[in-house]
Amino acid sequence: MITGTVNPDFEPIIPLSICGADGKVYTQDAIVDTGFNGWLSLPPDLIAQLNLKWKRRGRAILGDGSECVFNVYEAVLVWDGNLLTIPIDEADSEPLVGMSLMEGYQLMVQVFDGGRVELSKVATV
């Protein structure tokens, strides 16, 4: 299970452990964003600090209908105790956890300042 808390702006926050190119594991808080269907977005300065490997360019339609082109990198993430290699979208925003990363999990959020955030693996039959 992955746990976090809701901040004063009512954003569900979970801690992430991301492996840098140097092999060190860095901890970074990220906002759970159910409107983002990607895996994980990180700001350019954090991508540079982690020295992530560039993979390709990506394209997305934003909530306002505009189109955005961005760089996509690759990183190894410690996710629920397992190492997972995932694409990382570069974005000038706070780190965001998207729905693709949460696939197969149940999200529970207590929506008040200090509320509990839980991501638990759903048992498949």
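Read-outs: derived from the displayed coordinates by stated rules, not from any lab. Computed from a predicted model, the values in this text were never measured in an experiment. Here Cβ is always computed from backbone atoms with ideal geometry, including for glycine, and neighbour counts include all displayed protein chains.
Are there GluC sites (Glu not before Pro) in the range 17-125 that DSSP puts in a loop and that have at most 15 other Cβ atoms within 10 Å, and which ones? Intermediate values should be presented prior to the final figure.
Values: sites: 67, 74, 90, 103, 118; in loops: 103.
Here the sparse-neighbourhood loop sites are 103.
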Among the lysines, which have Cα under 27 Å from the Cα of residue 121 when same-chain residues fewer than 8 positions away are ignored?
24
Within a 10 angstrom radius of the beta carbon, how do 56, 116 rank from fewest other beta carbons to most?
56, 116
Calculated [θ] (222 nm, deg cm²/dmol) that DSSP helices of n ≥ 4 give over the chain, each run adding -39,500 (n - 2.57)
-1500 deg cm²/dmol
Running a GNM on the chain with Cα contacts under 10 Å, which residue among 66, 100, 17 ends up with the highest mean-square fluctuation?
66
Exposed-site-free run, longest, the chain (rule: chymotrypsin sites (Phe, Trp or Tyr not before Pro); DSSP loop; at most 12 other C-beta within 10 Å)
11-111
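What number comes out for the charge environment of residue 74, summing +1 per Lys or Arg and -1 per Asp or Glu over other residues with Cβ under 13 Å away? Please list the in-between numbers first.
On the way: positive: 53, 55, 56; negative: 89, 90.
So the surrounding residues net to +1.
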